[in-house]
Amino acid sequence: MDLNYVLIWMVLMSCVAALVIQLKRRQWGWVTLFAGLLVLTLLLLVLAQPVAGLVAGACWALFIVLPLLGNKHLARLVVRQDYAKALRVAMVIRVLHPLDGWWGLPVLLTSLNYAKQGDFARAEELLQRCKDFPSQFGQDARIHLFRLRGAWDECVQWAQSPAGAQVLKRNVTLQILYCRALGETGDLHRLLTYINERQASLQPDGAAIYHQILLYTFTFCGHTQGVDQILASQTFAHLPKSVQEFWRASAAMAAGSATAAARLAALPTPEDGSLLRAVEQRLSRPLVIAADLLGEEEQQALEKRYRDVLGEVRYQATAARTPPVGTYTLIALCLAMFIVELAYHGSTDARVLYFLGAQQRYGILIQGEWWRILTANFLHFGWVHLAMNMGALLIWGRILEPRLGTWRYLVTYLIAGMGAMWVVTLSTTRLNVISVGASGAIMGLLGAVLGTALYGWLRNHVTLARKQALVILALVVLQTSFDFLTPMVSMTAHLSGTVIGFLLSLILLRFQPMAGVRTAHG
């Protein structure tokens, strides 16, 4: 398998898929980047095809993969409120991706760090200098200034002004803070109306954004169970315990609890100036009792939203919280067999691969060597083939193994792999052609992930599961297109493995649901 060819396909497919998503989200910086990389790759195909994939792949890794990974790490640091480390990460990210407001991100993180240290004067001064910049960075500085001062009435007035309303349509940071400001000022009717009207556009921006808005909604509406469930989601897994307690106590205050103020006053906040100020503001301006304002229909809508979140959090609970032992074991076995191939000097030698157990129609059907449909799944044709399969196994294995459990996961992997090899054996007409690789089994895992996502969607009505199912279907289509146009790749093995894994996951889930997912109502 030619690495250059694989990289060309990988870059082209990722750029096209990302362009569709980013155009919908109107992230023009990413649109520019993906469109530019797409044009660069096509030009390289015309002018320098032998190195087109290598050059485009290097640009893809440097300007797309690294910023995205860095941003994911940055988000965890911000949730953890480790602004000093987040600042160092942001300094690197903004060089690789200076668009979409990331160039000014270090300034915002510096102000947050000042506020956490209790130096509000320096934090406000920094934001004040930047709030009138004619860019998204200037907008974000103004928004963070509202938050820092606790100027909720002023935030609502600006967001509802003609100029602020235009920013509200496209600035996610303002959408989040606007929801909090409505809750802080006791305008619960407008808060719920805004979320209902914008839900379709808020959810595609990402689970973390939607969860942040739901945290505010449940808090100010006094729905303590909803707050507990949102804080149990992966979005807030790294949120400091003291901050979690602040929101729980605030929800209790909105629910009318007589002990809420005492819980807030007892919070340990000496090392967090921002939290200390938030507690002082909450105690000086208690929240309204939500039950006095919300009607029966609003209460029912809030309860439905809670059930949806309950199902989603339980669905997310199947994410890996312990090492995926089964996945690591399979990777170790494939690596061990590749070492054996190298010992025989034949990782790309058909004779060596046949000797070690490659799939072959003649050997299986004529000579009765049935074990080949198993052993062929642990052999690979060269290091590129091995690296691609092991990377995919690590990605999908870490998702699927916690959902099914290790033993059901291993059964799915082996049956999908052997089933794919058996279908290839029956479908080919050439007796002596060999086939090796874990891709059939890995596509079986992909099919099983699709099965578990459909289970979460249809059985528990989890919006996140529906999104994952659609993403998996898109990946299957892209993989099939790649297989169709790529020589030496078995589309038959990939499609049959996907179908087997999908059906097998539905059978297994019929007898034992996913861990942590029973019903969205219980």
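Some observations on this one:
Results for (1) modelled with pLDDT under 90; (2) on the phi > 0 side of the Ramachandran plot; (3) assigned to a helix (DSSP H, G or I), shown as yes or no for each residue.
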{"residue": "GLY101", "(1), (2), (3)": "yes, yes, no"}
{"residue": "TYR114", "(1), (2), (3)": "no, no, yes"}
{"residue": "ALA121", "(1), (2), (3)": "no, no, yes"}
{"residue": "GLU124", "(1), (2), (3)": "no, no, yes"}
{"residue": "LEU127", "(1), (2), (3)": "no, no, yes"}
{"residue": "PRO134", "(1), (2), (3)": "yes, no, no"}
{"residue": "GLN139", "(1), (2), (3)": "yes, no, yes"}
{"residue": "ILE143", "(1), (2), (3)": "no, no, yes"}
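- Some residue of segment 400-408 being open to solvent by 30 Å² or more (accessible area, probe 1.4 Å), more than 21 Å from LEU509 (Cβ to Cβ) and not hydrophobic (A, V, I, L, M, F, W, C): no
- Checklist (1) at pLDDT below 90; (2) closer than 17 Å to ALA493 by Cβ; (3) surrounded by fewer than 20 Cβ atoms within 10 Å (Cβ to Cβ) applied to HIS385, failing item: (3)
- With respect to the conditions (1) surrounded by 21 or more Cβ atoms within 10 Å (Cβ to Cβ); (2) under 21 Å from ARG361 (Cβ atoms), GLY456 falls short on a single one, namely (2).
- Scope segment 216-238; condition modelled with pLDDT under 90 and open to solvent by 20 Å² or more (accessible area, probe 1.4 Å); matching residues: GLN229, ALA232, GLN234, THR235, ALA237, HIS238
- Residues (more than 28 Å from the chain's Cα centre (by Cα) and under 12 Å from LEU174 (Cα atoms)) located in segment 139-151: ARG142, LEU145, PHE146
- Taken together, the residues in segment 63-86 that are farther than 29 Å from CYS15 by Cβ and open to solvent by 50 Å² or more (accessible area, probe 1.4 Å) amount to 2.
- Residue in segment 439-451 that is in a loop (DSSP other than H, G, I, E, B) and modelled with pLDDT of 80 or more present: no
- Only one of GLY417, GLY397, GLY437 that is buried (at least 23 other Cβ atoms within 10 Å of the Cβ) and under 25 Å from the mean Cα position of the chain (by Cα): GLY397
- In segment 341-371, of all residues being open to solvent by 60 Å² or more (accessible area, probe 1.4 Å) and of a type in the set (S, T, N, Q), the one that is nearest to LEU426 (Cα to Cα) corresponds to GLN367.
- Some residue of segment 475-493 being buried (at least 22 other Cβ atoms within 10 Å of the Cβ) and not hydroxyl-bearing (Ser, Thr, Tyr): yes
- The listed residue being over 20 Å from the mean Cα position of the chain (by Cα), open to solvent by less than 80 Å² (accessible area, probe 1.4 Å) and of a type in the set (Phe, Trp, Tyr), out of TRP9, TRP28: TRP9
- Of the residues making up segment 103-147, those that are among the hydrophobic types (A, V, I, L, M, F, W, C), buried (at least 18 other Cβ atoms within 10 Å of the Cβ) and in contact (Cβ under 8 Å) with a residue 60 or more places away in the chain number 2.
- Segment 31-62: number of residues that are over 16 Å from LEU99 (Cβ atoms), of a type in the set (S, T, N, Q) and open to solvent by 30 Å² or more (accessible area, probe 1.4 Å): 1
- Matching residues in segment 224-281 - criterion: being part of a loop (DSSP other than H, G, I, E, B), closer than 19 Å to ARG80 by Cβ and polar (S, T, N, Q): SER233, THR269
- Qualifying residue in segment 97-104 (condition: acidic (Asp, Glu) and either closer than 17 Å to SER274 by Cα or touching a Ser or Thr at 6+ places or on another chain (Cβ under 8 Å) (or both)): no
- Listed by first and then second residue, the pairs with beta-carbon distance under 8 Å, at least 6 apart or on different chains, first residue in segment 151-174 and basic (Lys, Arg), second in a loop (DSSP other than H, G, I, E, B) and surrounded by fewer than 20 Cβ atoms within 10 Å (Cβ to Cβ), are ARG170/ARG26.
- Filter result for LEU168 (open to solvent by 10 Å² or more (accessible area, probe 1.4 Å), closer than 28 Å to ARG198 by Cβ and at pLDDT below 90): yes
- Annotation note: Cβ proximity below 6 Å between a residue of segment 255-283 that is at positive phi and a residue that is in a loop (DSSP other than H, G, I, E, B) (sequence gap 6+ or interchain) occurs for GLY256/ILE289.
The values are calculated or read from the model by the stated rules, or taken from the named source; none is laboratory data. Keep in mind the model is a prediction, meaning the values are calculated, not measured. Please note: Cβ atoms are built from the backbone with ideal geometry, for glycine as well, and neighbour counts cover all protein chains shown. Surface areas here come from the heavy atoms of the whole protein model, side chains and all, with no ligands, DNA or RNA. Shrake-Rupley method; radii C 1.70, N 1.55, O 1.52, S 1.80 Å.
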